[in-house]
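Here's the structure, in C-alpha cells; my notes come after.
Every number here is computed from the coordinates shown, using simple stated rules; none is lab data. In this text, all values refer to a predicted model and were calculated from it rather than measured experimentally. Heads up, the Cβs are rebuilt from the backbone with ideal geometry, glycines too, and the neighbour counts pull from every protein chain shown.
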Amino acid sequence: MTLQIDKFILGPLENNTYLISDSQTRQAVVIDPSFNVAEVIDKIGQEKLTLQAVWLTHGHFDHFAGASQLIRSVSYPVDMLIHERDFDLWQDGGEAGMAGCVVDMSASPNVLLQDDQSITLGAYTFKVLPTPGHTRGHVTYYDAEEAVAFCGDLIFRYSIGRTDLNGGDFFALMNSIRTHILTMPPDTILHSGHGENSTIREQIQSNPFLTLQNPQPGSHE
C-alpha cells in the first residue's frame, strides 16, 4: 500500500495542484485544482483512479479555478471540501475579480470542514489543521503516519504566505506556523501551494521568516 503523490504546476500563478491516491483502493483526491486541469483528468483516467473528493486548503480563486472542470469530468458525485470559515470567501469568487479573472464556479463546496476534523482517502487518514493567517479558514491537511502535509499558502520553501488580502493576519499566520507546522517531526514533507517541497528541518534551518528575532508584517510581500 502506497500513498501516491503527483504534483502539477498549473495556471498563470504557477499553482501546485496535487493528485493523491491510495495505490490499493485506487481512490484519489485532488488538492487545490487550479486553472486547466486537463493533465490531472488524463492522469486519473490513465491510472484508473476513482476521484473521491476535491480538498481546498483555502478559498482563493487560483486554488479552485479548475474544480468545476474536474468534477464535470467524471460521471459520479464528487465532494468538494473547504473550511467553514472560508466558504464566504469562495462564494465571493475568491478575489478573482480583483485579479481580473473569470472562474467557473458551477460546482460548489458541499462539505464544510471544522477544526481538527479527520478525513480519509482510502486507508489514509488526514487531520484538518486550522492554520489561519493567509485567510481566515485556511487549513493544512496532515497525515502523521506518512509524514506529509499539504499546507497551501501558509508557508513556502523560503518564505511565508502573504497576509495583505481579505482575511489575512500576519500574527495569526506566524502563530499557525509555530503551533501546527514546526511541531511536526523534522522529516515531515511540506507540500506547498507554490514552489518546491520542503521539510520541517529545512524550514527551521533556512526559512528567514522563522530565523528572524521579530519578523514584521509586510516583510514578505
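This model, with +1 at the C-beta of Lys and Arg and -1 at the C-beta of Asp and Glu, gives the stretch 3-211 a dipole about its Cα centre of some 160 debye. Please work out whether the stretch 20-59 counts as rounded, prolate or oblate from its C-alpha gyration tensor, where a ≥ b ≥ c are the square roots of the eigenvalues and a/c under 1.5 means rounded, while otherwise a/b larger than b/c means prolate and anything else oblate? It comes out oblate by the Cα gyration axes. Shape class of the stretch 98-221 from the alpha-carbon gyration tensor: oblate, with a/c at 1.5 or above and b/c at least as large as a/b. Calculated from the structure at hand, Kirkwood radius over Cα pairs in Å is found among (i) 17.3; (ii) 19.0; (iii) 17.9 as (i). Residue exposure proxy: 151, 101, ordered by other Cβ atoms within 10 angstrom of their Cβ from fewest to most, comes out as 101, 151.
Annotation: lysines with alpha-carbon distance below 17 angstrom to residue 7 (same-chain offsets under eight excluded): 43. Kindly identify the stretch 54-163 as rounded, prolate or oblate by the Cα gyration tensor criterion: order the square roots of the eigenvalues as a ≥ b ≥ c, call it rounded if a/c is under 1.5, otherwise compare a/b with b/c, prolate if a/b is larger, else oblate. Note, shape of the stretch 54-163 comes out oblate. Note on the chain: GNM, Cα springs under 10 Å; of 153, 86, 169, the largest mean-square fluctuation is that of 169.
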